[in-house]
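Read the structure below first, then the notes.
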Amino acid sequence: DAKTTQPPSMDCAEGRAANLPCNHSTISGNEYVYWYRQIHSQGPQYIIHGLKNNETNEMASLIITEDRKSSTLILPHATLRDTAVYYCIAQAGTASKLTFGTGTRLQVTL
Amino acid sequence: DTAVSQTPKYLVTQMGNDKSIKCEQNLGHDTMYWYKQDSKKFLKIMFSYNNKELIINETVPNRFSPKSPDKAHLNLHINSLELGDSAVYFCASSQVAGGLYEQYFGPGTRLTVT
């Protein structure tokens, strides 16, 4: 699994876009980028994943740089309910487990 | 309907006791997992079962014994509980084994060993 580096914390005003960066400079060709989040002490929740192309779903967008060494998760209109720890994971699609790092604690404020 | 459920939600017990945590998923998934989140919030895989067969055992002490009576259930039995076992234990499931398949997590069981 490639090592990922995320800022420990970020703030975002409600209604604004939250852009969460992740560095994965040692990612290999068969490794995907996954994002999960954990709200307070609930179980982690899947957000999105991608390999090379940018991806969008109803929750977020994932922008992966052309060299794949970094990515950004975008929550287009953050709400208070998006306050959580966001985990960026880089690992092979065939891997049977998720290897969580320390994540970014996103605080959405009024 | 809850997709992945765990019981109990809280468990307080004394050192040396044996306890079990139950997990059930109603998603029809083939693969189930146990994760442990320690006091520093570090979340780590413990076990994974695919169709009742153990596929991952992450050097967990053998005091921990998972049991999968069918593919919808994965229970965790812990013998001779120690203070260091205090943590939140999360069960998860996915359609099949492999990171490309979204993992659905249960609400967690907070175990406190005194």
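Just so you know, in the range A:38-77 the residues that are among the hydroxyl-bearing types (Ser, Thr, Tyr) and in contact (Cβ under 8 Å) with a residue 40 or more places away in the chain include one that is nearest to A:ARG105 (Cα to Cα), and it is A:THR72. Within the range A:82-110, if we keep just the residues that are surrounded by fewer than 19 Cβ atoms within 10 Å (Cβ to Cβ) and touching a helix residue (DSSP H, G or I) at 6+ places or on another chain (Cβ under 9 Å), the residue that is nearest to the other protein chains (Cβ to nearest Cβ) turns out to be A:THR109. Here B:VAL12 fulfils each of the conditions (1) touching a Ser or Thr at 6+ places or on another chain (Cβ under 7 Å); (2) under 22 Å from A:ALA95 (Cα atoms); (3) β-branched (Val, Ile, Thr); (4) loosely packed, with under 13 Cβ neighbours inside 10 Å apart from (2). Within the range B:39-53, if we keep just the residues that are surrounded by fewer than 13 Cβ atoms within 10 Å (Cβ to Cβ) and away from every other protein chain (no Cβ under 11 Å), the residue that is nearest to B:ALA3 (Cα to Cα) turns out to be B:GLU53.
Of the strands (runs of 3 or more DSSP E) that lie entirely inside the range B:4-114, those containing 3 or more residues that are of a type in the set (S, T, N, Q) span B:4-7.
Among the criteria (1) within 13 Å of chain A (Cβ to nearest Cβ); (2) surrounded by fewer than 18 Cβ atoms within 10 Å (Cβ to Cβ); (3) on the phi > 0 side of the Ramachandran plot; (4) modelled with pLDDT of 95 or more, the one B:PRO107 does not fulfil is (3).
I'm trying to understand the selection: among the residues of the range A:50-63, which are closer than 22 Å to B:PRO107 by Cα and within 11 Å of chain B (Cβ to nearest Cβ)? Give the steps one after another, and end with the answer.
So in the range A:50-63, the residues closer than 22 Å to B:PRO107 by Cα come out as A:59.
Passing the criteria: none in range.
Scanning the range B:59-72 for residues that are over 11 Å from the mean Cα position of the chain (by Cα), over 29 Å from A:ILE39 (Cβ atoms) and among the basic types (Lys, Arg) turns up at least one hit. Scanning the range B:57-100 for residues that are away from chain A (no Cβ under 12 Å) and among the aromatic types (Phe, Trp, Tyr) yields a total of 1.
The values are calculated or read from the model by the stated rules, or taken from the named source; none is laboratory data. Quick caveat, the model's predicted, so the values are computed rather than measured. Neighbour counts run over all protein chains shown; Cβ positions are idealised from the backbone, glycine included.
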